[in-house]
Amino acid sequence: MQSKVKINEIFKSIQGEGPYIGYNQLFIRFSKCNLNCVYCDTDFKSNLIEYSAIELADIVNKSENIHSVSLTGGEPLLEADFLKEFLPLTNKKIYLETNGTLYQNLEKIINYIDIISTDIKLNSSSKNGDLFELHNKFIETAVNAEKEIFIKIVFDEKITEEEIKKSVNSAEKYDIPIILQPKMDGECLKLKKDLIEKVYNKFLSEYKNVRLIPQTHKFLNIK
Ligand code: SF4
């Protein structure tokens, strides 16, 4: 019998974060997460619908005018065994949005992924503890498989010098782009302009492959 997965929602929308901002995607939102970020805005309580790999692939393969399929969450890699069944059935580019901690699960499906958008979760803003060891293993796994990868970092006024250094260390070994995202308060950007510039310039002084790109879908009030 085919395994099934609980999906939070499936919708077409515009990518609002990182270097692929503005591309039309089919988003598949998975329903579980292994972290507990204080700023998480994912609704884990919606009605979940179960899909088999064939059912989900059918939806993907019938989707038109999309740049790619975004596997998002939650944490999609918690469903790596299901993804291993589902992804080979699809005919679209696959864009993985992940918190960058489950590197062993990434290994299981990496051959089916085209673009990896990984987070570095800072304890100062997310309150998950220090996850750099896991993030570094995750990045190494993606690079060894020669996959396109970039790093997103949500920061606020509590970001520390040590976190900046560790983030740069994680990225610069492989010259991976870092996308800085000032923490949002709902749809509002409440961090002061001076603070945002200071953090951006601090990163830039240590590493050139850094860009500041806020989460635009929140400004636009789209998913
Ligand atoms: S990793 Fe993402 S989905 Fe999981 S708790 Fe953090 S913000 Fe929410």
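Grab the strands (runs of 3 or more DSSP E) fully contained in the range 1-80, keeping just those with 3 or more residues being surrounded by fewer than 19 Cβ atoms within 10 Å (Cβ to Cβ) and aromatic (Phe, Trp, Tyr). No strands (runs of 3 or more DSSP E) qualify here. For the range 144-177, filtering for residues that are under 30 Å from Asn111 (Cα atoms) and either surrounded by fewer than 16 Cβ atoms within 10 Å (Cβ to Cβ) or of a type in the set (Asp, Glu) (or both) leaves 9.
Residues that are within 20 Å of Gln25 (Cα to Cα) and aliphatic (A, V, I, L, M) were ranked within the range 110-129; the one that is nearest to the ligand (Cβ to nearest atom) is Ile116.
The number of residues in the range 88-135 that are over 14 Å from Ser167 (Cα atoms) and acidic (Asp, Glu) comes to 3. Condition first: among the charged types (D, E, K, R) and surrounded by 21 or more Cβ atoms within 10 Å (Cβ to Cβ). Can you find one or more residues in the range 99-116 that meet it? Checking the range 99-116: not a single residue is among the charged types (D, E, K, R) and surrounded by 21 or more Cβ atoms within 10 Å (Cβ to Cβ). Here the range 50-78 is the region considered, the condition is being at pLDDT 95 or above and more than 19 Å from Lys92 (Cα to Cα), and the residue that is farthest from the ligand (Cβ to nearest atom) is Glu50.
The values are calculated or read from the model by the stated rules, or taken from the named source; none is laboratory data. Keep in mind that this is a model prediction, so the values were computed, not measured. Note: ideal-geometry Cβ built from the backbone for every residue, glycine included; neighbour counts use all protein chains shown.
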